[in-house]
Amino acid sequence: MSETKGQILFKESLVNIVMIIPKLSPDLEIHPFDKKAYVIRHKTLDYRVQINLETHNLINCIDGERSIEQIGELYENRYKGKLSEQEIYELLFRKLAKFGIIELDDHQVEKKRRERYLRLSFIFLKPNKISFISRIFKFLFAPVIFQLLFSLMTVFIGTAIAFNFNTIVLNVDKIFSFNILYYLLAFEFGCLFHEIGHASACRKYGASPGGIGFGFYLFLPVLFSDVSDAWRLKPGERIAVNLGGIYFEMILASLMLLGYYISHNFGLLIIPCILILSTLSNLNPFIKYDGYWILSDAIGVPNLHKNANKKFIQFLDNLKNRRKIELVFKDYFLIFYEVANKTYIFILSFTVLILNPDSIFYFPSNVYAYLNTISKNIHELTFPKLSVFFIPTLFYVLAFQFILALLKSKMKSRNVK
């Protein structure tokens, strides 16, 4: 039986593939991520790619002299595994090469851009300054000090707020009324101290902290610290880095509460409450705040939103087509997380659209009216009155992001066609 033209072309391409000699970039670092995965970091392009044990073993067989065929033979002899030449080629040149891990003579890989969820971001404290500052505070992350302080501060802050709850409630409307600049400066210092906490933890465990900058996340102004080098740390150390900001906010809140008990200055009671509210909001696992990254590292799943959504869609597809489903505990957790995430978005939307639709429909005019009011009387700038704008603002941000993602998806599909 004679071969078809397609079969002949496939054989010719396979002959070409087996003779290719792949070369690793010299700018790579490889670090364990957990017991079953590693992270490859391209030091120049700043890409970080998670790979499994099999891919790590395959990379160990590349020396810049062996062809794909020889790499396959070495892999089989050394690790008792079997990969076809086509599979090796696809993995190296289709998946890893786009991150600059495998060098391509005819293709220049672009440097990684800053995370897309940060907009209009810039660094105002350079890495060399942060390195100096973090060196001062890194002792606070010694295991005994960290665990003891964190536990004691949790009890102390909780007790202080509980015993002074009535005083806080009776005076909460005065938070901004008598010295707004005082509180805003204190809050911004708390945010900066939060980011120094991340950098100090990074420094303690041997990773290099980057700079501290300013940007917009969900159109909200935020400070951020570049601790991307923490990916090469162990899971427990990465969690400590993620907790570092909350830990430092708790230190600041505790010092202020001690000052309140000494001086009875009401401001030193209210500001820690604001810091703790900020801390609690940072623990939200559905927005890319500290809680999200802590959860991601705790379960060993990078790109948690993306992977949870992918697993949820696969689960629904298997149910729809009545395919046999084999799930491990992590799969169940990701599905539960995605359901909880969608429920969170639904409740938020229901609260805004159904329970208080005027806050959405009249949001622009309400903001204008409020700005006009405080321009005439600064004492109208109070925490309760500001808080009513939070949910409508978040709704508009999520709606805008959804529409933008939909448009990008349609444009991408048209380009593919």
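All of the numbers you see were taken from the coordinates with simple rules; none came from a lab. Since we're looking at a predicted model, the values are computed, not measured. Note that each Cβ is placed from the backbone with ideal geometry, even for glycine, and that neighbours are counted across all protein chains shown.
Could you pull out the pairs from Lys36/Lys80; Lys35/Lys234; Lys95/Lys408 whose alpha carbons sit more than 20 Å apart here?
From Lys36/Lys80; Lys35/Lys234; Lys95/Lys408, over 20 Å: Lys95/Lys408.
So for each of 367-375, 185-193 I average, over its residues, the number of other beta carbons within 10 Å; can you give me the resulting order with the highest mean first?
Descending mean neighbour count gives 185-193, 367-375.
Can you list the HN-Hα couplings for the stretch 163-168, worked out from phi with the Karplus curve (6.51, -1.76, 1.60; θ = phi - 60°), rounded to whole Hz and with x for Gly and Pro?
My calculation for the stretch 163-168 gives 6, 10, 4, 4, 5, 5 Hz in order.
Between Ser121 and Ile136, what length in nm is gained on full extension when 0.36 nm per residue of separation is reduced by their alpha carbon distance?
2.7 nm
Could you work out how far apart the two model spin labels at Tyr370 and Asp358 are, taking each label as a point 7 Å from the Cα in the direction of the beta carbon, and quote it in nm?
Between Tyr370 and Asp358, the simple spin-label model gives 1.4 nm.
Could the peptides 38-44, 75-81, 292-298 be put in order, highest first, of the mean number of other beta-carbon atoms found within 10 Å of their residues?
292-298, 38-44, 75-81
Between Tyr332 and Asp317, 0.36 nm times their residue separation minus their Cα-Cα distance comes to what?
Fully extending the segment from Tyr332 to Asp317 adds 3.9 nm.
How big is the Kirkwood radius of the stretch 301-350, worked out from every pair of different alpha carbons and given in Å to one decimal?
Answer for the stretch 301-350: a Kirkwood hydrodynamic radius of 11.5 Å.
Ranking request for peptides 48-58, 134-144: highest mean number of other beta-carbon atoms within 10 Å first, then the rest in descending order. Numbers along the way, then the final one.
Values: 48-58: 17.1, 134-144: 15.2.
The peptides rank, most packed first, as 48-58, 134-144.
Once every Cα of the stretch 225-326 carries one equal point scatterer and solvent is ignored, give the base-10 log of I(q)/I(0) from the Debye formula at q = 0.19, 0.21 Å⁻¹, two decimals.
The Cα Debye sum returns log10 ratios of -0.94, -1.02.
Return the tail of the calculated pair distribution for the stretch 17-99, meaning the percent of Cα-Cα pairs more than 20 Å apart.
That tail contains 30 percent of the Cα-Cα pairs.
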